[in-house]
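No value in this document is a laboratory result; all are computed from the given coordinates. Everything numeric in this text was worked out from a predicted model, so none of it was measured. Glycine also receives a Cβ, built like all others from the backbone with ideal geometry; neighbour counts cover every protein chain displayed.
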Amino acid sequence: MTILFVDIADFTTIVEKNSAETLVSVLSDFFSAATAVCTKHGGTIDKFIGDACMMMWNHPYSLVDNHHA
């Protein structure tokens, strides 16, 4: 199994300088892009954690060529 945690760099600074509406838009765009890339490459989204996303490959199903996932 391969697990990837990805988050938004300097998110605390972004939070401090922007409105709630802007933050929701930033998170929505980020999670949409992360989800699209993950699923395109046969991954599964496990969870969203604040500004982070946990993705998995080879679970629950094994990929044939998992070193390129």
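How high is the relative contact order of the chain, in percent, with contacts defined as C-alpha pairs under 8 Å that are six or more residues apart? Walk me through the numbers before you get to the answer.
Values: 67 pairs, mean separation 27.7, N = 69.
Reported relative contact order: 40 percent.
Give the average over all directions of the projected area of the C-alpha convex hull of the chain, one decimal, in nm².
That works out to 4.7 nm², a quarter of the Cα hull's surface.
Expressed in nm to one decimal, what extension gain is obtained for the pair LEU27 and PHE5 from 0.36 nm per residue of sequence separation less their Cα-Cα distance?
Contour length minus the Cα-Cα distance gives 6.4 nm.
Ranked from highest to lowest mean number of other Cβ atoms within 10 Å per residue, what is the order of the peptides 35-45, 8-18?
Ranking, from highest mean packing down: 35-45, 8-18.
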